[in-house]
Amino acid sequence: MLFRTMTAMALVLGATTAQAEGPELVINGEIPITTRAPAPEHMEYVREVMSGWEFRSPETQAFEADDFENPGMIFAEDGRTAFSQPLGDTDQSCASCHESPETLAGARAVYPKWDPEREEVQTIEMQINECITERAGAEAWGYTSQPMTNMSALLASVSRGMPVNVAIDGPAHDTWLQGKEIYYTRYGQLELSCANCHEDNYGNMIRADHLSQGQINGFPTYRLKNAKLNSVHDRFKGCVRDTRAETFSPGSPEFIALELYVASRGNGLSVEGPAVRN
Amino acid sequence: MADNVTPRVRVPSSASAGEDITIKTLISHPMESGQRKDKEGNTIPRSIINRFVTTFNGETVIDVTMEPAISTNPYFEFVSKVPESGTFEFTWYDDDGSVYTESKDITVE
């Protein structure tokens, strides 16, 4: 009897393991990407977090396995060119302080993060603009402008494979709570919160498409539907607009808080940007 | 004028004689169709890559006439036989008269 129970248990365990083993993402045959991870402790209703990559078709997934095939990398390369070009009318470039983009590996994984000097949570875009305006003395880039998104794609690309690890305790905690509040608040005429789709219904269909968990580890993301790189805040805006609400604007305190919260839901997944989605 | 036009090519560095190898090419280019209008209603002039040629040791591998309906950043993937060591030459012809070239050597072992 005991033996039978144990066999049954082994079978169940075997089945669970088999289910968890889906396709795996390895970029350029050398950067393994964690696309599934145990949910961070602060998440109450989700056991396992999954990158949006998991929800896409095999064809779309394949784009990301090779930089040559990944259209997002074209923009990251433009960012690499811009990295060593003078900013505005100044003689300063990113490369004046940071030797190469590779020296900034790991940055993407911990943003948004608390800036002790400014006493606020900063996204990577804000940090880039701080460098441009304060260090180089040039004019700031638009929050979701092409040069900005290219640069953030470059910074993401050099951090690929590293686990997302944004801090939610300490001084960033209040902002994080604000982001969580926004995540669970229903917006718009359709009265939908982020959680209604991305927590309650991930894996289900939304019209003809699979709902993902709304993870942002793969941003900025190249979307096949608009053939360009999309920044996190632009994506947030698109989602809120689809609830038929007046959206917050990219770079607003609300979206910064939301970005911190959503990023923290992906703690443990790999940085994947520029990812390819439909 | 198209800005930031960068050709990219991937060819294996070696192959065995007579082997079919896969070549991937991509050129970043807006491929403006000439069908679109700007905010003032003026036609945005056509600016595309209109021809793409690959040769191997001077012999044509493919020669493509490209049309306005082709998307931004045109990508071509094709198979070629390599009888001997040599050089693949890739040439893209732009509407504005620019010619972009790239070449890759391959060794047959």
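Distance from the C-alpha centroid of the range B:61-109 to that of the range A:74-124: 35 Å, rounded to the whole angstrom. Listed by chain and number, the lysines placed with their C-alpha closer than 27 angstrom to that of residue A:225 are A:237, B:24, B:37, B:39; residues fewer than eight positions away on the same chain are left out.
The angle separating the long axis of helix A:232-242 from the principal Cα axis of greatest extent in chain A is about 60 degrees. Taking a ≥ b ≥ c as the square roots of the Cα gyration tensor eigenvalues, with a/c under 1.5 meaning rounded and otherwise prolate when a/b beats b/c, else oblate, which class fits chain A? Prolate, because a/c is 1.5 or more and a/b exceeds b/c.
Note on residue A:133/residue A:173: beta-carbon distance plugged into 1/(1 + (r/R0)^6) with R0 of 35 Å gives a FRET efficiency of 0.80. With everything on Cα atoms, drop me the angle between helix A:72-83 and the longest principal axis of chain A, reported from 0 to 90° to the nearest 10. Taking Cα atoms only, the helix is inclined about 30 degrees.
Note on residue B:104: aspartates and glutamates with a C-alpha under 12 Å away, same-chain residues under 8 apart excluded, are B:89.
Our coupling estimate for the range B:17-32, obtained by passing each phi through the Karplus curve with A = 6.51, B = -1.76, C = 1.60 and θ = phi - 60°, is 4, x, 6, 8, 10, 9, 10, 10, 10, 8, 10, 7, 7, x, 6, 5 Hz, Gly and Pro reported as x. For the pair residue A:145 and residue A:57 in one chain, pulling the backbone fully straight at 0.36 nm per residue adds 28.8 nm over the alpha carbon distance. From the largest down, the range A:74-185 spans 42, 30, 24 angstrom on the principal axes of its Cα atoms. Between residue A:181 and residue B:20, the distance separating the two model label sites (each 7 Å from Cα on the Cα→Cβ line) works out to 6.3 nm. Going 7 Å from the Cα of residue B:107 along its beta-carbon direction, which residues of the range B:74-92 have the amide nitrogen within less than 12 Å of the resulting point? Flagged as within label range: B:85-86.
Could you state the angle between the C-alpha long axis of helix A:2-20 and the longest principal axis of the C-alpha atoms of chain A, as a value from 0 to 90 degrees rounded to the nearest 10? Helix A:2-20 sits roughly 30 degrees off the main axis of chain A. Whole-Hz Karplus values for the range B:93-109 come out as 10, 8, 3, 7, x, 5, 10, 10, 10, 8, 9, 9, 8, 9, 10, 9, 9 Hz, taken residue by residue from phi with 6.51 cos²θ - 1.76 cosθ + 1.60 and θ = phi - 60°; glycine and proline positions read x.
If R0 is 35 Å, the Cβ-Cβ spacing of residue B:96 and residue A:91 corresponds to a FRET efficiency of close to 0.65.
Bear in mind these aren't lab numbers, they're just calculated from the coordinates by the rules spelled out. All of these numbers come straight from a predicted model, not from anything done at the bench. Counting neighbours? That spans all protein chains shown, and the Cβs are built from the backbone with ideal geometry, glycine included.
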